[in-house]
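Reviewing the structure listed below.
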Amino acid sequence: MRDGKRSKKIESLERYVLDSSALLTLWNNEEGTELVEGVLHSGGKVFVSFMSLMECRYRLWKNIGLEESDQFSVYLEPMPLEIVWVSGDIFEKAIEIKATKNLSVCDSWIIATAILTGSVLMHKDPEFDQVKDLVTLETLPYKRKKERV
């Protein structure tokens, strides 16, 4: 959902940042996979924060094993993703977000990346509602309560 409404289609050439939850939606073939795939095939720029990659990798390693974590990296390699590494501007924006919002450090980095790349943030994290005034959000379907891990 964007601004509370389901978008009809992914606009081509729009810029996106995929949150960890969007990457894991794709990896796990969860509801919303087709929306993430639409972004990847839209012809626009698709960014991913280094922090999303770290978050996905450590969660897979911790919950399933190192081999699964390594396979995730191989899975992402051919995708048209541009990794956004640490920069001074993103560092400062992440500090501001963490200091003024009730979000994790990881989420603060990811949101800062979306803001400073001028991108739509694709996610399935209800906590991101608190930054909808700072960044455009594309919300994937949330997991049902018993599906959440």
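The values are calculated or read from the model by the stated rules, or taken from the named source; none is laboratory data. Every value quoted in this text rests on a predicted model; they were computed, and no experiment measured them. Counting neighbours? That spans all protein chains shown, and the Cβs are built from the backbone with ideal geometry, glycine included.
Here are a few things to note about the model shown:
- For the stretch 61-79, the count of residues that are in contact with a helix residue (DSSP H, G or I) (Cβ under 9 Å, 6 or more places away or on another chain), closer than 21 Å to Glu14 by Cβ and at pLDDT 95 or above is at least one.
- Entry remark, the stretch 50-90: residues being farther than 17 Å from Leu18 by Cα, in contact with a Lys or Arg (Cβ under 9 Å, 6 or more places away or on another chain) and not charged (D, E, K, R) number 1 in total.
- Residue among Val120, Val149 that alone is modelled with pLDDT under 95 and of a type in the set (Val, Ile, Thr): Val149
- Hits in the stretch 55-95 (condition: under 17 Å from Ser108 (Cβ atoms) and among the basic types (Lys, Arg)): Lys93
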